[in-house]
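Each remark here refers to the structure printed beneath this line.
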Amino acid sequence: MSDDHAYQAISAYNEKLIQTPNIDRIAREGAIFTNSCVTNSICAPSRATILTGKHNHINGKIDNRSPFDTTQITFPQLFQRAGYQTAMFGKLHFGNNPKGIDDFMILPGQGHYINPDFITTQGDTTIIGYVTDIITDLALDWLENKRDETKPFLMMYLHKAPHRPWWPSPEKFKEYSKKQYPIPVTLFDDYRNRGTAAKSAEMNILKDLRYGHDSKIRPETIASMDDIEPFVEPYNWGGSDGFSTSYVRFNDEQKSKYDPVIDSINIWFQSNWHKMTDKKKMEWKYQRYMQDYLGSISSVDDNVGRVLDYLKEHKLDDNTIVAYTSDQGFYLGEHGWFDKRFIYDESFKTPLLIKWPNKIKPGIKRTEMVQNLDFAQTFLEAANITQPDDMQGESILPLLIGNEKDWKRNAVYYHYYEYPAVHMVKRHYGIITEKFKLAHFYYDIDEWELYDRSLDPNEMMNVYRDPDYRKIVIELKNKLANLRSYYKDSRELDLYYIDKYLKN
């Protein structure tokens, strides 16, 4: 799993931005899901849902700040009890002692791209190098030297990349800083046919993407320019500003590899920024964003290839299920945005590719609505491990092995809670089918939005009040009420969590 890996940035889904031949191998040799999605598009809650097979109002992790209910059973615990050897390497995001895991090395919180710290069973440590390569080294070392060949195994291989702030490896930084990408058709969206939530969110590339933290502009460059907007860096994660937070971790050798590219960006910026219109600034920021974001993903793809090659070379390939996903989707300039959180597609949908030789027919494509809520039960069923009755997902195994008639779901439920908070995306819940999406934004507003996913794939027109969709609204509201009841979510819970925010 990666962090914030947009499905648009996998060439099996979209070839316009980047080639990801190794991740594509999983789709080519197995299945790709085009309507895989999350229950809550934010990092720690998504991971809690994956581990427990339960919505966040049940597992407690409604946002990145709320506590996880540690009495919950996680699917690695069930694998461990069934005799599997278990391991986890990379980003978990919450907790420092993952349940059901025999061996782990995990990043504290978000972790760092360069010379990252790790929490381990033996204590904390720092490893010199680039985080994506290091996480892969740890995974391969475990497979080669620590795996008990008499036992089946479960390994969770979890990349930090491409989470913000984006730092590609030195080689990818140099390569990708020279690339240019097509402008999204909705980059300059003015949200005229949407509600308050879209208009008030704070994740616009021009206004909210930071010069240092995101675009690699040095503090001294900003200080030398009289005509630039105020230099505000809210993410002081250990350094004087968003740029320095990462840069102070570099050793001299690493700085010597990054500095030429950073310097070239800063020289161009200092010479040209004051001449640019807001439109050109937006386009420049978008290109810088894509260069670093996609450069980070290129390393993920290279390293996924290393793992796939290892499995094949050591004859583990035929009897190992490999699944690739992200903890949620991400905006790559669509609607002028970066980040995630919304129920809108780029945030809500997540990549899902699964291969299982001799079980999953190679090259199949599934359009059904599946969720990260389903992963735990899918893995448990595949391993013939009994599923707890209180898990809330559904095994997607029928869709993988050709038993489509056993798949009954026709809609999924979504609920986002983290507001007020960074990016200021308002709280909302909703129901999504293959054809429609109905969302209710609540807390400090009371607004409904309906999108026709077949006629309006870019979700530019809220048709909630369109008379032609009146019957659809009534039908979806009834289904939404039923889903909230089925998943044990309620207005009372909404009020409870709002009250907790107000008190804290």
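We did not get these values from a lab; they are worked out from the coordinates using the rules stated. Everything numeric in this text was worked out from a predicted model, so none of it was measured. Cβ placement follows ideal geometry from the backbone for every residue including glycine, while neighbour counts extend to all protein chains displayed.
A few notes on this one:
- In region 406-504, the trypsin sites (Lys or Arg not before Pro) that fall in loop regions by DSSP, at most 16 other Cβ within 10 Å: Lys408, Arg409, Lys435, Arg453, Arg465, Lys488
- Computed over the Cα atoms of the chain, pair by distinct pair, the Kirkwood hydrodynamic radius stands at 23.6 angstrom.
- About the Cα centre, charge dipole magnitude for region 1-144 (Lys/Arg +1, Asp/Glu -1 at Cβ), debye: 580
- Contact order relative to length of region 1-71, as percent, for alpha carbon pairs under 8 angstrom and 6 or more apart: 17
- Positive-end residue, region 1-128 charge dipole about Cα centroid, Cβ charges, pick of Ile114, Thr49, Asn14: Thr49
- All-pairs alpha carbon distance profile, region 1-159, 5 Å steps from 0, percent: 2, 8, 15, 18, 20, 19, 13, 5, 1
- Using alpha carbons only: equivalent-ellipsoid semi-axes of region 20-74, gyration tensor based, whole Å: 29, 11, 10
- Region 258-348: trypsin sites (Lys or Arg not before Pro) in DSSP loop, at most 11 other beta carbons within 10 Å: Lys315
- Pairs from Lys61/Lys174; Lys54/Lys151; Lys91/Lys151 whose Cα-Cα separation, in the structure shown, is over 30 Å: Lys61/Lys174
- For region 245-323, dividing the convex hull volume of the Cα atoms by the residue count gives 156 Å³ per residue.
- Calculated on alpha-carbon atoms, Rg and Dmax of region 70-154 in Å: 13.1, 37
- For region 337-417, applying the loop criterion from DSSP together with a ceiling of 11 other beta carbons within 10 Å to the GluC sites (Glu not before Pro) yields no site.
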